[in-house]
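The values are calculated or read from the model by the stated rules, or taken from the named source; none is laboratory data. These numbers were taken from a predicted model, which means no experiment stands behind them. Cβ sites come from the backbone with ideal geometry, for glycine too, and all protein chains shown count toward neighbours. For accessibility, only protein heavy atoms count, side chains too; no ligands or nucleic acids. Shrake-Rupley method; radii C 1.70, N 1.55, O 1.52, S 1.80 Å.
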Amino acid sequence: MDPYRLPTHVLPTRYDLRLEPDLASSRFAGAVTIAIKVLQPTSEIVLNAAELEISEAILAREEDSQSARIALEETTERCRLAFDRPIPKGTYSLRLVFQGTLNDKLRGFYRSKYKDAAGQEHWLAATQFEATDARRAFPCWDEPAFKAVFASTLLIDAALTAVSNTGVLADYAEGNKKVVRFADSIPMSTYLVAFVVGELEATEPVYVGRTPVRVWSVPGKRQLAAFGQQIAAFSLKMYEDYYGVPYPSDKLDLLAIPDFAAGAMENLGAITFRETALLVDEKTATHAELERVADVVAHENAHMWFGDLVTMSWWNGLWLNEAFATVLEMVAVDAWKPEWQRWTTFGVSRAAALVVDGLQSTRPIEYPVAAPRDADAMFDVLTYEKGASVLRMLEQHIGPEVFREGIRQYLRKHAYGNTETADLWSALGAAAAQSVAEMMDGWVFQPGYPLASARVEKEGRLSVTQQPFAYLPRTKETAAPQRWQVPIQIRIHSKGSTTTQRLLLNDAEATLDLPEGFECAVLNEAGHGFYRVHYAPELLERLLKLLPNGLAAIERFNLVNDSWAAVLAGLMPLTEYLELTTRFKMERDKNVWAVLIGSFAALNRVIDASDRPAFERLIRDRLQAAFAAVGTPRPGENELTKQLRGELARGLGMLGNDEAVQRQAAAWYAEQTQAPAAADPDLTAAAVAILAHAGDRSRYDEFLGRFRAATTPQDEQRYLHALTAFRVPELLAETLPRTLNGEFRTQDVPHVIRSLLHSVHGREIAWGFVKQRWDELARAVPATGLKRLCEGVIGLATPELERDVRDFFRTRNIQLGGKLVEQYLEQLHIVVQMREREGEALRAYLSVT
Ligand code: BES
Ligand code: ZN
């Protein structure tokens, strides 16, 4: 018997919940009447509760009632109700009275602080229940499969507003308080229940059919809501069409919460966001900042069906929620702004999953979950990005219309219910008239992915083989070699024509006949496959002749990305990779540049300080031509060009330490201060980062002031992050204590520390700080954030630091759930090994260029 799971002989069907939060005392009182079905006679009822004081538990049926002895189990977060008289089968109502604290840990029922324009502090109360924190707000059956109807009533200060999942049925005064009664919800999981109470302000609703869509924020931010509201309305409508199922609730509110642990949360009808993910000023935001808002809103809206209407049975199947929402997020944003080329940028997400999934310490997408900490650990790139990648690969394999038809059947069949992965395969398989499970189980239940190697055999044939990709030699080679069913799409270029061939590679090897006049072959055409490609040297040479325009942007992206992975895995010499980068000097795609610059940033963390000037020269050599070619902003140009210009400027001004670009950044920044309305946001944002990199104390103080005075969430983040980008150790040492003295929000602290750990100028001080103040950090930062923070150790890429990190994690017995610690340590080890392997060759290479 798993101590974390609830017995299933008692089922809740309805919660009548009454909560009374008091912002002044940070306490809440509550009472809940739960309609239950007892399926087997029992004398005990077990449900979840944590950090609650339960004063009363009474079971009633008609005239009969009895009260229970209440025992709280702290470690398993359960509450046992023992009854003297046995309870026969039947339906009952269970009434519980309780109290709790509005905590500062951004989970359960918590409080969040903000300042108004006059600098006055205010509080609001909000909830964050996923994965397992509804039990901190009210006693409940806190597992996704125990779906029930929620009917909530809030008792609040008369001056405040309350928002929950459903519309307001009644709203009246009671003494000096206000009672707000909400409509019944659909049957849903506890983790989707939400309450927000405060001085909230809403936009006018936009109607999608009969559904009003509103954006909420703390007072004074309504002017930042339009962009988020537009994508919310657009995606809601698009999903109703795509899913062929109406929106499953009566209204849709999107709420920006000043303190928020994750990016956003898909509470049915009351989606909560951190402010940066919902509120934005379109005129001053960068492309990346706008894309972030569109992504997050579209993602959470997709969950209203995938996750909320149909829910995974248990957290091992979390990918059914998250991978799907991630795919649909792309579909919606792509339909909304095709010029953003969202599917090409998805390559960045796929690449992130390929990194973690190439580790020995990876895990399959579906993975056992027992304790709450393991459920939290499931929210990672394997669930989201690998999950989304393999779904996209399947969608392209069976065709988008067939795929959509399968999804429609799945949603109709399982509405208001819970599912397993096999249910999805059977719906998609029915639509596709083929076994989907056969191909897909290998991607979902096996860890890792294949490396497809291509070479030309003598007799004019192309050979493609598969083997598992691994950065480090694999420790436990299993007897049966690991295989996947790999849908491989190949484009063959020959004199005068190109053809596409599809093949499902099941075995270790497949061969294709090559046509007369064969020129070259592109594996993973269009880039949808979740695998890497290795070309034999001769094939690679042929392929490079197609640059720049004979390969699609995503194909160039994958080529660079797979080559860089090959360097880290010891399959390609670093100097060969650095030569390859010379072929991309005229590259114009921002994602291809993102991989190139990303690999340079990683190298910057492993080179010796004495080599840095030569390395900076190399960066300037690779980037300058493209930056010059992109030129200055032109009216009406594509947003992606703006982003590219900003990225190249950053790369040159920071990694390349290019003084001309630094001077230019100063000029952009000055212009922006003079005439903010005329400024190009991507240039302003790049300028802030570059000026921090090149900056001194006065710049630091200026940016600190700008951070404090910021009027948009994006501006605030921009200046906050600038405080981590300086090179002067004394200034970085001033940033660190601000993470614990209340100057920065705890939601932002992990990101600040992580970026300092990634900085070659800040990492040693930051690591010293983390070690010294670990206990305080672990107490202050929410669990999701602690994972982010620890991810920073991958930047500590010297053998000495690596040893120190290992010792620290071991002696302090740091556990982040799942395999996160192992994954971070392994990633660190891979870069340190690369440094040992390639260091000398790199130094020689730099000395002659
Ligand atoms: N369901 C998650 C929110 C969540 C994340 C809850 C982690 C508990 C732990 C939500 O749908 C989500 O995925 N949010 C993402 C943003 C999204 C655009 C990928 C997030 O919070 O980062
Ligand atoms: Zn999600």
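From the residues in the stretch 136-160 that are out of contact with any helix residue (DSSP H, G or I) (no Cβ under 8 Å at 6 or more places or on another chain) and among the charged types (D, E, K, R), which one is surrounded by the most Cβ atoms within 10 Å (Cβ to Cβ)? Among those that are out of contact with any helix residue (DSSP H, G or I) (no Cβ under 8 Å at 6 or more places or on another chain) and among the charged types (D, E, K, R), it is R136. Apart from one condition, N321 fits all of (1) surrounded by fewer than 22 Cβ atoms within 10 Å (Cβ to Cβ); (2) of a type in the set (S, T, N, Q); (3) near ligand 1 (Cβ under 10 Å from one of its atoms); the exception is (1). All told, A536 falls short of being under 18 Å from Q341 (Cα atoms) and open to solvent by 10 Å² or more (accessible area, probe 1.4 Å).
Okay, residues lined up against (1) out of contact with any helix residue (DSSP H, G or I) (no Cβ under 7 Å at 6 or more places or on another chain); (2) more than 30 Å from A256 (Cα to Cα):
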position	(1), (2)
Q674	yes, yes
A689	no, no
A694	no, yes
F707	no, no
P713	no, no
Q717	no, no
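Considered as a group, the residues in the stretch 227-246 that are in contact (Cβ under 8 Å) with a residue 60 or more places away in the chain and open to solvent by 10 Å² or more (accessible area, probe 1.4 Å) include one that is farthest from ligand 1 (Cβ to nearest atom), and that residue is G244.
Can you tell me how many residues within the stretch 264-285 are touching a helix residue (DSSP H, G or I) at 6+ places or on another chain (Cβ under 6 Å) and either more than 16 Å from ligand 2 (Cβ to nearest atom) or open to solvent by 10 Å² or more (accessible area, probe 1.4 Å) (or both)? Lay out the reasoning, then the answer.
The initial filter retains those residues of the stretch 264-285 that are touching a helix residue (DSSP H, G or I) at 6+ places or on another chain (Cβ under 6 Å), namely 264, 266-268, 271, 275-282, 284-285.
Pick out the ones that are also either more than 16 Å from ligand 2 (Cβ to nearest atom) or open to solvent by 10 Å² or more (accessible area, probe 1.4 Å) (or both) and you get 264, 275-276, 279-282, 284-285.
The qualifying residues number 9.
Among the numbered conditions (1) open to solvent by less than 10 Å² (accessible area, probe 1.4 Å); (2) more than 15 Å from ligand 1 (Cβ to nearest atom), the only one that S249 does not meet is (1). So for the stretch 352-371 (the condition being under 26 Å from T76 (Cβ atoms), within 13 Å of ligand 1 (Cβ to nearest atom) and of a type in the set (D, E, K, R)), does at least one residue qualify? No: zero hits. Of the residues A261, A288, A298, the single one that is in a helix (DSSP H, G or I) and within 16 Å of ligand 2 (Cβ to nearest atom) is A298. Among residues of the stretch 384-400 that are within 13 Å of M330 (Cβ to Cβ), those with a beta-carbon under 6 Å from a residue that is within 14 Å of ligand 1 (Cβ to nearest atom) and open to solvent by 20 Å² or more (accessible area, probe 1.4 Å) at least six positions away or on a different chain give the pairs E385/S349; E385/A352. One residue alone among I257, I271 is farther than 27 Å from L428 by Cα, touching an Asp or Glu at 6+ places or on another chain (Cβ under 8 Å) and within 11 Å of ligand 1 (Cβ to nearest atom), and that residue is I271. What's the number of the condition A521 fails, among (1) out of contact with any Ser or Thr (no Cβ under 9 Å at 6 or more places or on another chain); (2) touching a residue at least 60 places away in the same chain (Cβ under 8 Å); (3) in a loop (DSSP other than H, G, I, E, B); (4) open to solvent by less than 20 Å² (accessible area, probe 1.4 Å)? Checking A521 against (1) out of contact with any Ser or Thr (no Cβ under 9 Å at 6 or more places or on another chain); (2) touching a residue at least 60 places away in the same chain (Cβ under 8 Å); (3) in a loop (DSSP other than H, G, I, E, B); (4) open to solvent by less than 20 Å² (accessible area, probe 1.4 Å), the one that fails is (3). If the condition is being in a helix (DSSP H, G or I) and surrounded by fewer than 22 Cβ atoms within 10 Å (Cβ to Cβ), then the stretch 737-748 contributes P737, R738. Against the numbered list (1) of a type in the set (A, V, I, L, M); (2) in contact with a Ser or Thr (Cβ under 6 Å, 6 or more places away or on another chain); (3) not in a loop (DSSP other than H, G, I, E, B), A145 comes up short only at (3).
Restricting the stretch 334-349 to residues that are within 21 Å of V595 (Cα to Cα), open to solvent by 10 Å² or more (accessible area, probe 1.4 Å) and more than 14 Å from ligand 1 (Cβ to nearest atom) leaves a set whose member that is farthest from the chain's Cα centre (by Cα) is E339. Checked against (1) under 15 Å from the mean Cα position of the chain (by Cα); (2) within 16 Å of ligand 2 (Cβ to nearest atom); (3) polar (S, T, N, Q), T311 passes all but condition (1). Just to be sure, is E291 in the same structural domain as V206 (by TED's automatic domain parsing), among the acidic types (D, E) and touching a residue at least 40 places away in the same chain (Cβ under 8 Å)? Against the criterion (in the same structural domain as V206 (by TED's automatic domain parsing), among the acidic types (D, E) and touching a residue at least 40 places away in the same chain (Cβ under 8 Å)), E291 qualifies.
Close contacts from the stretch 536-562, counting a first residue that is assigned to a loop (DSSP other than H, G, I, E, B) and a second that is of a type in the set (G, A, S) and surrounded by fewer than 21 Cβ atoms within 10 Å (Cβ to Cβ), with Cβ to Cβ under 8 Å and a gap of 6+ residues or different chains, come to A536/S453; A552/A526.
Annotation note: Cβ proximity below 7 Å between a residue of the stretch 581-607 that is in a helix (DSSP H, G or I) and a residue that is among the polar types (S, T, N, Q) (sequence gap 6+ or interchain) occurs for K590/Q643; N591/T344; N591/T345; V595/N561; L596/T581. Out of L472, L462, one residue alone is touching a His at 6+ places or on another chain (Cβ under 9 Å), of a type outside the set (D, E, K, R) and not assigned by TED's automatic domain parsing to the domain that holds V355. It is L472. In the set (1) within 14 Å of ligand 2 (Cβ to nearest atom); (2) of a type in the set (A, V, I, L, M, F, W, C); (3) open to solvent by 10 Å² or more (accessible area, probe 1.4 Å), V331 fails one condition alone, (1).
Let's see how each residue does on (1) in contact with a strand residue (DSSP E or B) (Cβ under 8 Å, 6 or more places away or on another chain); (2) at pLDDT 95 or above; (3) not charged (D, E, K, R):
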position	(1), (2), (3)
L655	no, yes, yes
D658	no, yes, no
A666	no, yes, yes
Q674	no, no, yes
L683	no, yes, yes
A694	no, yes, yes
R697	no, yes, no
G705	no, yes, yes
Q714	no, yes, yes
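Set side by side, the residues N558, N591 differ, and just one is more than 21 Å from A841 (Cβ to Cβ) and in the same structural domain as F627 (by TED's automatic domain parsing), which is N591. Kindly indicate whether L318 is among the aliphatic types (A, V, I, L, M), at pLDDT 95 or above, within 28 Å of Y247 (Cα to Cα) and away from ligand 2 (no atom under 16 Å from the Cβ). No; evaluated as a whole, the condition is false for this residue.
Condition test on A232, is it within 16 Å of ligand 2 (Cβ to nearest atom) and modelled with pLDDT of 95 or more? It is true that A232 is within 16 Å of ligand 2 (Cβ to nearest atom) and modelled with pLDDT of 95 or more. The helices (runs of 4 or more DSSP H) found wholly in the stretch 772-849 and carrying at least 2 residues that are touching a Ser or Thr at 6+ places or on another chain (Cβ under 9 Å) and surrounded by 15 or more Cβ atoms within 10 Å (Cβ to Cβ) occupy 774-780, 820-848. Against the conditions (1) modelled with pLDDT of 95 or more; (2) open to solvent by 20 Å² or more (accessible area, probe 1.4 Å); (3) assigned to a loop (DSSP other than H, G, I, E, B), A131 satisfies every one except (2).
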